[in-house]
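The values are calculated or read from the model by the stated rules, or taken from the named source; none is laboratory data. Values in this document were obtained by computation on a predicted structure and should not be read as measured data. Positions of Cβ are backbone-derived with ideal geometry, glycine not excepted, and every protein chain shown enters the neighbour counts.
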There are 2 protein chains.
Amino acid sequence: MRILSEFDQEDRKRKLLQAVIHEYIKTGKPVGSAHLASGYRLDLSPATLRNVMSELEEEGFLSHPHTSAGRVPTDKAYRFYVDAIMDVQHLARLEEERLDREYKARMQEIQDLMLSTSKTLSALSKYTGFVWTPGMEKARLQHVELIPLEPRRILAVLVSDTGMVKHRIVSFDSPVPPAFLGDLRTLLNEDLRGKPFSEARDTLMDHVDRITQRHMDLMEMARRLAREAFSTNEGDFYLEGAGSLFSLPDFQNQEEMRSLVHLLDEKTHLGEMLSKEMGETAPGGKSKGVMVRIGAENKSPGLRNMSVVSSSYVVNGRPVGLLGILGPKRMEYSRMVAVVDAVSRLVSQALGRMTEK
Amino acid sequence: MRILSEFDQEDRKRKLLQAVIHEYIKTGKPVGSAHLASGYRLDLSPATLRNVMSELEEEGFLSHPHTSAGRVPTDKAYRFYVDAIMDVQHLARLEEERLDREYKARMQEIQDLMLSTSKTLSALSKYTGFVWTPGMEKARLQHVELIPLEPRRILAVLVSDTGMVKHRIVSFDSPVPPAFLGDLRTLLNEDLRGKPFSEARDTLMDHVDRITQRHMDLMEMARRLAREAFSTNEGDFYLEGAGSLFSLPDFQNQEEMRSLVHLLDEKTHLGEMLSKEMGETAPGGKSKGVMVRIGAENKSPGLRNMSVVSSSYVVNGRPVGLLGILGPKRMEYSRMVAVVDAVSRLVSQALGRMTEK
DNA sequence: TTTTAGCACTCACTTTACCCGAGTGCTAAC
DNA sequence: GTTAGCACTCGGGTAAAGTGAGTGCTAAAA
């Protein structure tokens with residue numbers, strides 16, 4: 001019988017914790033000492049495992065649903081797992097190639113791209129996939145067009161450098177002179193190109209006088225056009241595969257289900273929440289650009305017993321949106337991180353192709 | 001003792017049926033004879049009610065969940081109720097005025113309009129509200145604009161007479177000459193104005209030669225532009241308040257819930273289904289433009305124990321989309337019909353203002 | 001002939017009791 | 001330090017019993 005050094009002790013503990021997490025992720029049932037002893041080659045008796053497990057419980061890594069049940073990993077355990085133990089998987093080559101082909105093939109329209117992406121995320125994860133496209137606030141203005149539909153109706157089209165297009169029809173009480181429109185368009189394109197939308201609107205409001213010196217009576221008109229066409233929109237939130245969560249044993253009881261539905265129902269809220277949460281400092285780890293938020297790490301009470309794996313996607317080196325998956329805490333983090341990472345790269349590439357060509 | 005004429009008999013039966021439906025709509029629990037006798041001034045003993053009810057059951061208007069339970073209205077009963085008994089309510093004046101103000105005030109952007117509308121429907125009904133905006137297939141082309149963003153990237157903007165705008169960026173391998181673009185734009189606007197989108201695309205493909213006689217090498221380019229810019233998009237489906245259904249006693253058991261989630265998860269499908277169903281002949285009734293589909297009247301299995309109250313909304317006298325609510329069969333049809341009718345009018349008006357001014 | 005009272009019967013639902021077994025914590029032996 | 005043994009816990013499943021709303025039927029009353 002050999003005496004274990006402190007290092008060995010800790011190492012064993014870690015391996016055990018890993019085993020528990022693994023098993024729980026697989027089965028969803030609290031894992032007991034005997035089960036563990038037989039399933040994993042730990043060469044220890046159930047009794048010993050019980051001792052170590054109770055230590056782990058004291059340290060806050062495991063918890064007991066009730067006295068006579070096996071152990072369940074806590075948020076802290078998952079966090080430890082993600083940070084220190086987990087190996088980030090790679091997608092199977094086949095899978096990756098198929099995805100790559102799909103993205104190269106038929107991703108033309110930005111909305112389709114986002115929709116398919118959230119579907120893809122859902123399909124790969126078997127959980128809920130989401131994509132958050134922020135409003136244009138952060139995007140930079142690339143091009144402005146003002147198209148007279150009728151004398152009193154103007155179609156304003158704004159194109160951002162991220163390839164997003166926003167349009168807005170503005171109706172006036174009196175006809176808008178074409179010359180005025182031309183001037184305004186020139187002004188807009190000269191002055192505002194490259195500026196962030198939010199800034200552009202303000203600049204525009206200031207500069208609108210320059211043009212209205214010639215068309216004094218049109219001042220208000222220009223103001224209104226600026227105000228309405230540049231009004232902030234809130235961005236889109238795509239959510240797919242919400243149903244898949246309901247088949248999981250994790251969300252079986254009525255209450256759980258109810259709150260889940262409620263959560264998913266409020267898409268808009270959810271989008272805001274996620275984007276806010278993600279905007280903050282990412283819990284660290286070896287996860288490249290991918291963030292993992294486990295259970296109570298999510299500020300929103302609705303997400304308290306879920307995990308979110310997310311990553312921002314990038315155009316021209318700038319992060320412009322967020323995508324990821326929503327699933328039970330008990331998820332295969334290593335695979336999920338790989339999925340989110342891969343998809344976020346693909347989306348970034350596709351957007352790049354759409355805007356830079 | 002007076003002998004009842006056949007008319008009186010039938011009248012009584014009808015009143016009874018109405019009472020049962022009413023009570024069931026209110027409580028959601030099978031209604032028994034005693035309950036009915038005490039709650040409604042029918043001046044009949046439970047025993048008599050039982051007799052009449054069993055007749056109604058034979059005729060297919062009522063059903064028994066099990067031998068010793070009260071009666072539950074069948075689809076047929078609801079249908080009869082909607083067609084023959086129900087008084088279409090009016091919204092309370094206050095409610096209506098508030099709605100009116102809201103719609104007049106801040107409905108500028110078409111997408112906002114639709115989103116708010118589905119939210120409004122959900123709020124008024126306490127069930128799920130939906131709005132279906134068809135693709136542009138049916139809309140007529142009003143204006144086409146081709147904007148060069150960069151030499152090799154063209155932004156095509158299509159405006160329909162219903163005020164919808166569709167845009168699409170098309171990238172080419174080689175620069176597109178501005179003159180060519182101008183020609184194409186002129187051609188498009190002259191030839192295609194007023195044509196339905198689907199037709200426009202075909203016409204365009206045919207006529208594209210006319211222009212490419214001058215720019216032979218650009219033929220393929222024009223083709224591609226036409227094909228991609230005019231590609232059919234599928235329309236949007238807005239769905240709000242899905243969660244509210246889950247609090248209803250009607251969908252409490254697991255299986256019910258699961259299938260409901262599944263249904264709502266497939267927004268796209270749902271949109272198609274509804275639009276298909278609604279396109280067909282509306283079950284008649286005194287319900288103005290509002291259609292009511294009860295339970296199995298819906299072809300889609302997922303809707304079998306729900307009811308759909310819907311109405312199309314109109315621009316320039318042409319129905320261009322569909323909106324309504326989705327709820328349990330046991331719903332206050334009279335109010336729901338009023339809600340859907342009112343909202344559909346408001347949307348039609350708002351769209352009218354957006355397009356005609 | 002229609003309505004009503006009376007009554008036996010049904011059947012979902014609830015409550016209670018019970019058992020089973022996986023799993024623990026502790027103690028004492030290895 | 002590790003393990004075997006053992007009493008104990010407690011959720012979950014199942015069966016039995018009780019409850020009550022509601023029915024269908026029959027026979028009497030109107």
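Does B:Pro73 meet the test of being of a type outside the set (Val, Ile, Thr), surrounded by fewer than 17 Cβ atoms within 10 Å (Cβ to Cβ) and touching a helix residue (DSSP H, G or I) at 6+ places or on another chain (Cβ under 6 Å)?
Values: of a type outside the set (Val, Ile, Thr): yes; surrounded by fewer than 17 Cβ atoms within 10 Å (Cβ to Cβ): no; touching a helix residue (DSSP H, G or I) at 6+ places or on another chain (Cβ under 6 Å): yes.
No; evaluated as a whole, the condition is false for this residue.
Only one of (1) away from DNA strand D (no atom under 16 Å from the Cβ); (2) closer than 29 Å to B:Val261 by Cα fails for A:Arg140. Which number is that?
So the condition that A:Arg140 fails would be (2).
Which one of these is surrounded by fewer than 17 Cβ atoms within 10 Å (Cβ to Cβ), without any contact (Cβ under 8 Å) to a residue 40 or more places away in the chain, assigned to a loop (DSSP other than H, G, I, E, B) and outside the structural domain of A:Gly295 (by TED's automatic domain parsing): A:Asp11, A:Asp43?
Numbers: A:Asp11 fails: assigned to a loop (DSSP other than H, G, I, E, B).
Result: A:Asp43 is the single residue among A:Asp11, A:Asp43 that is surrounded by fewer than 17 Cβ atoms within 10 Å (Cβ to Cβ), without any contact (Cβ under 8 Å) to a residue 40 or more places away in the chain, assigned to a loop (DSSP other than H, G, I, E, B) and outside the structural domain of A:Gly295 (by TED's automatic domain parsing).
I'm checking my understanding of the structure. Among residues of the range A:126-136 that are touching an Asp or Glu at 6+ places or on another chain (Cβ under 9 Å) and surrounded by 18 or more Cβ atoms within 10 Å (Cβ to Cβ), which one is nearest to the other protein chains (Cβ to nearest Cβ)?
By that ranking, first place goes to A:Thr128.
Would you confirm, using the coordinates I've provided, whether A:Glu102 is more than 12 Å from chain B (Cβ to nearest Cβ), closer than 30 Å to A:Val309 by Cα and out of contact with any helix residue (DSSP H, G or I) (no Cβ under 7 Å at 6 or more places or on another chain)? Even if it seems obvious, please write down each step before you answer.
Values: more than 12 Å from chain B (Cβ to nearest Cβ): yes; closer than 30 Å to A:Val309 by Cα: yes; out of contact with any helix residue (DSSP H, G or I) (no Cβ under 7 Å at 6 or more places or on another chain): yes.
It is true that A:Glu102 is more than 12 Å from chain B (Cβ to nearest Cβ), closer than 30 Å to A:Val309 by Cα and out of contact with any helix residue (DSSP H, G or I) (no Cβ under 7 Å at 6 or more places or on another chain).
Please go through the range A:71-87 and give me each residue that is in a loop (DSSP other than H, G, I, E, B) and at pLDDT 95 or above, ordered by number.
Going residue by residue through the range A:71-87, those that are in a loop (DSSP other than H, G, I, E, B) are A:74, A:86-87.
If the condition is that a residue be in a loop (DSSP other than H, G, I, E, B) and at pLDDT 95 or above, then A:Thr74 is the only one that fits.
Only one of these is farther than 24 Å from B:Glu240 by Cα, modelled with pLDDT under 95 and in contact with a helix residue (DSSP H, G or I) (Cβ under 7 Å, 6 or more places away or on another chain): B:Ser68, B:Ser45. Name it.
On the way: B:Ser68 fails: in contact with a helix residue (DSSP H, G or I) (Cβ under 7 Å, 6 or more places away or on another chain).
It is B:Ser45.
Out of all the residues in the range A:217-232, is one or more more than 30 Å from A:Pro175 (Cα to Cα), modelled with pLDDT of 75 or more and away from chain B (no Cβ under 14 Å)?
Our first condition is that a residue be more than 30 Å from A:Pro175 (Cα to Cα); within the range A:217-232, this holds for none.
Checking the range A:217-232: not a single residue is more than 30 Å from A:Pro175 (Cα to Cα), modelled with pLDDT of 75 or more and away from chain B (no Cβ under 14 Å).
Condition test on A:Ala84, is it within 30 Å of B:Arg227 (Cβ to Cβ) and out of contact with any Gly (no Cβ under 7 Å at 6 or more places or on another chain)? Even if it seems obvious, please write down each step before you answer.
Details: within 30 Å of B:Arg227 (Cβ to Cβ): no; out of contact with any Gly (no Cβ under 7 Å at 6 or more places or on another chain): yes.
So A:Ala84 fails the test.
Taking the range B:160-188 on its own, how many of its residues are crowded, with 22+ Cβ neighbours inside 10 Å, among the hydrophobic types (A, V, I, L, M, F, W, C) and more than 11 Å from every other protein chain (Cβ to nearest Cβ)?
Total meeting the criteria: 3.
Report yes if A:Asp100 is surrounded by fewer than 18 Cβ atoms within 10 Å (Cβ to Cβ) and out of contact with any Cys (no Cβ under 7 Å at 6 or more places or on another chain), otherwise no.
Values: surrounded by fewer than 18 Cβ atoms within 10 Å (Cβ to Cβ): yes; out of contact with any Cys (no Cβ under 7 Å at 6 or more places or on another chain): yes.
Answer is yes for this residue.
Give all pairs with beta carbons closer than 8 Å in which a residue from the range A:50-76 that is more than 21 Å from A:Ser307 (Cβ to Cβ) and aliphatic (A, V, I, L, M) meets a residue that is within 10 Å of DNA strand C (Cβ to nearest atom) and assigned to a strand (DSSP E or B); count only pairs at least 6 apart in sequence or on separate chains.
That search, which allows pairs on different chains as well, returns A:Met53/A:Leu62; A:Met53/A:Arg71.
If you go through the range B:89-135, how many residues are in contact with a Lys or Arg (Cβ under 7 Å, 6 or more places away or on another chain) and in contact (Cβ under 8 Å) with a residue 24 or more places away in the chain? I'd like the intermediate steps shown before the answer.
In the first step, residues of the range B:89-135 are kept if they are in contact with a Lys or Arg (Cβ under 7 Å, 6 or more places away or on another chain); the result is B:89, B:109, B:129.
Among the residues that remain, those that are also in contact (Cβ under 8 Å) with a residue 24 or more places away in the chain are: B:89, B:129.
Qualifying residue count, the range B:89-135: 2.
Per-residue answers, yes or no, for (1) within 16 Å of DNA strand C (Cβ to nearest atom); (2) assigned by TED's automatic domain parsing to the domain that holds B:Val31; (3) in contact with a Ser or Thr (Cβ under 8 Å, 6 or more places away or on another chain):
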{"site": "B:Met53", "(1), (2), (3)": "yes, yes, yes"}
{"site": "B:Leu56", "(1), (2), (3)": "yes, yes, no"}
{"site": "B:Ser63", "(1), (2), (3)": "yes, yes, yes"}
{"site": "B:Ser68", "(1), (2), (3)": "yes, yes, no"}
{"site": "B:Tyr78", "(1), (2), (3)": "no, no, yes"}
{"site": "B:Asp83", "(1), (2), (3)": "no, no, no"}
{"site": "B:Glu97", "(1), (2), (3)": "no, no, no"}
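Name the residues in the range A:227-254 that are within 30 Å of A:Arg140 (Cα to Cα) and assigned to a loop (DSSP other than H, G, I, E, B), would you?
The first filter runs over the range A:227-254 and keeps only residues within 30 Å of A:Arg140 (Cα to Cα), leaving A:227-240.
Scanning the range A:227-254 gives A:Phe230, A:Ser231, A:Thr232, A:Asn233, A:Glu234, A:Gly235.
Only one residue in A:Leu99, A:Leu62, A:Leu124 is touching a Pro at 6+ places or on another chain (Cβ under 8 Å) and away from DNA strand D (no atom under 16 Å from the Cβ). Which one? Let's see the steps before the verdict.
Numbers: A:Leu99 fails: touching a Pro at 6+ places or on another chain (Cβ under 8 Å); A:Leu124 fails: touching a Pro at 6+ places or on another chain (Cβ under 8 Å).
Matching residue, one of A:Leu99, A:Leu62, A:Leu124: A:Leu62.
Anything in the range A:319-357 that is in contact with an Asp or Glu (Cβ under 9 Å, 6 or more places away or on another chain), away from every other protein chain (no Cβ under 14 Å) and of a type in the set (D, E, K, R)? List them, or say none.
Matches in the range A:319-357: A:Lys329, A:Arg330.
Within the range B:137-159, identify whether any single residue is within 11 Å of chain A (Cβ to nearest Cβ), free of Cβ contacts under 8 Å to residues at least 12 places away in the same chain and outside any helix (DSSP H, G or I), and answer yes or no.
Looking for residues that are within 11 Å of chain A (Cβ to nearest Cβ), free of Cβ contacts under 8 Å to residues at least 12 places away in the same chain and outside any helix (DSSP H, G or I), one finds at least one in the range B:137-159, hence yes.
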